[in-house]
1. Taking region 215-226 as the region of interest, how many residues are closer than 18 Å to S171 by Cβ and within 15 Å of the ligand (Cβ to nearest atom)?
2. Tell me whether region 45-66 contains one or more residues that are among the hydroxyl-bearing types (S, T, Y), more than 24 Å from the chain's Cα centre (by Cα) and over 25 Å from M113 (Cβ atoms).
3. Residues being of a type in the set (S, T, N, Q) and within 20 Å of the chain's Cα centre (by Cα): count how many of those fall in region 119-154.
4. It is to be established whether one or more residues within region 194-201 are assigned to a loop (DSSP other than H, G, I, E, B), within 26 Å of R94 (Cα to Cα) and free of Cβ contacts under 8 Å to residues at least 60 places away in the same chain.
5. Where the second residue is more than 16 Å from the ligand (Cβ to nearest atom) and of a type in the set (G, A, S) and the first is closer than 27 Å to G166 by Cβ and lies in region 299-324, which pairs have Cβ atoms under 6 Å and are six or more apart or on separate chains?
6. Would you check if V84 is more than 16 Å from the ligand (Cβ to nearest atom) and either among the basic types (K, R) or under 18 Å from the mean Cα position of the chain (by Cα) (or both)?
7. Could you grab me the full set of residues in region 87-110 that are open to solvent by less than 20 Å² (accessible area, probe 1.4 Å) and touching a residue at least 60 places away in the same chain (Cβ under 8 Å)?
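The values are calculated or read from the model by the stated rules, or taken from the named source; none is laboratory data. Predicted model only: the values in this text are computed from it and were never measured. Cβ placement follows ideal geometry from the backbone for every residue including glycine, while neighbour counts extend to all protein chains displayed. SASA here: full protein model, heavy atoms, side chains in, ligands and nucleic acids out. Shrake-Rupley method; radii C 1.70, N 1.55, O 1.52, S 1.80 Å.
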Amino acid sequence: MEQLNIHPELNTELLNFKLPEKLGFGNIMAPVMFKADYNNGNWESGQLLPYAAISLDPASKVFHFAQILFEGLKAYKVETVHPVLFRPEENWQRLNRSAQRMLMPELPQKLFMQALCSVTAFCQDLIPAKPLHSLYLRPFMIGTQASLSLSASDTFSFYVIASPSGPFKSSPLKVFIERDNTRAAVGGTGHVKVSGNYGAALSSTSNAMNKGYDQPLWLDAVEHRFIEELSIMNFFAVVDKEIVTPKLTDTILPGVTRDSIIRLAKEDGVVVHEQAMDIDDLLFSIKSGSCTELFACGTAAIVTPISVLADKDDQKYELPTLDDPVALRLRKRLLDIQQGQTEDTFGWLCPVPKQDWQIGD
Ligand code: COI
């Protein structure tokens, strides 16, 4: 399993690849991908291949029963000699929780790290050495068995693709409270990173965007009252100078950035409450002025302030503009660690050394 098969054309692919000036987020794909197959109850050796279309049987389980999960993490190379991955072990653990929930095989940590490190090392000259730029890594696993009967696949493929990326979004978010549709129900898959959660969020996201907002804010499926998350970000408020964020349940994705922000805030002496958050209480505290900030965080988004929360009747709850907001302080602290601009006292960074098959060697 630890052996890595490297496609002979890969270096030529890299030589021919031109990184465009304008990157955006997740739009440009690096010319490489990692693939490992699961057959007969075992993961086979990984392969580093030229980025290319995947050929699958139309009856593959992934198409019919959504046996697919994914992860997202970034490699930075701003101030560090080698690219650094941010807390990849957390993504590996979450991937395996997703796999368990979806009746997919768990991935050995060595295979996961080999995939991330080989793709990152191969792309290291494509990682922009600029603040807020990174190589966004997208590991994913699919069920490939060709069968239309409802049962788990017995064959799977694991891939990692990568996208040299700029910032996700630079302006503050405008968020629309989703009072009707729900993202996840108790006992469902909201707490794991499976593609179905994101597909189910698309229509509300599109509705919010059509109204001029960036994201819907999901409420719980039982009472439509308690705040959950924003589909691709976790949600935070600053109330009376203390941070409040929804307590994790089986309907909220446990973000790696969420966990990092909570730890950084506590280290900075800020009190953090992880608790149920009633949307109407929050709206009242914005109106009364005790809630001074809202922000969201995620791998892609890092930490992004929310400038307005809007309700169904088009009522808008605007947040004040502050001199030294908690959100921006935490964002800077996190980015300084990720970009190697300050000491990594938490031990969160995982350097990816150059590998001897790199182009130019
Ligand atoms: C991430 O931040 O990695 C996400 O999952 C968001 C992505 C779907 C854009």
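1. Matching residues across region 215-226 total 2.
2. Yes, region 45-66 contains a residue that is among the hydroxyl-bearing types (S, T, Y), more than 24 Å from the chain's Cα centre (by Cα) and over 25 Å from M113 (Cβ atoms).
3. Residues flagged as of a type in the set (S, T, N, Q) and within 20 Å of the chain's Cα centre (by Cα) within region 119-154 amount to 2.
4. Yes, that holds for at least one residue.
5. So the pair list comes out as V303/A327; P305/A327; L319/S307.
6. For V84, the condition - more than 16 Å from the ligand (Cβ to nearest atom) and either among the basic types (K, R) or under 18 Å from the mean Cα position of the chain (by Cα) (or both) - is met.
7. Of everything in region 87-110, those that are open to solvent by less than 20 Å² (accessible area, probe 1.4 Å) and touching a residue at least 60 places away in the same chain (Cβ under 8 Å) turn out to be R87, P88, N91, R94, L95, S98, P105, L107.
The rows are residues; the columns are (1) surrounded by 15 or more Cβ atoms within 10 Å (Cβ to Cβ); (2) more than 23 Å from the chain's Cα centre (by Cα); (3) among the charged types (D, E, K, R).
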| position | (1), (2), (3) |
| --- | --- |
| V270 | yes, yes, no |
| A301 | yes, no, no |
| A310 | yes, yes, no |
| L322 | no, yes, no |
| R331 | yes, no, yes |
| Q355 | yes, yes, no |
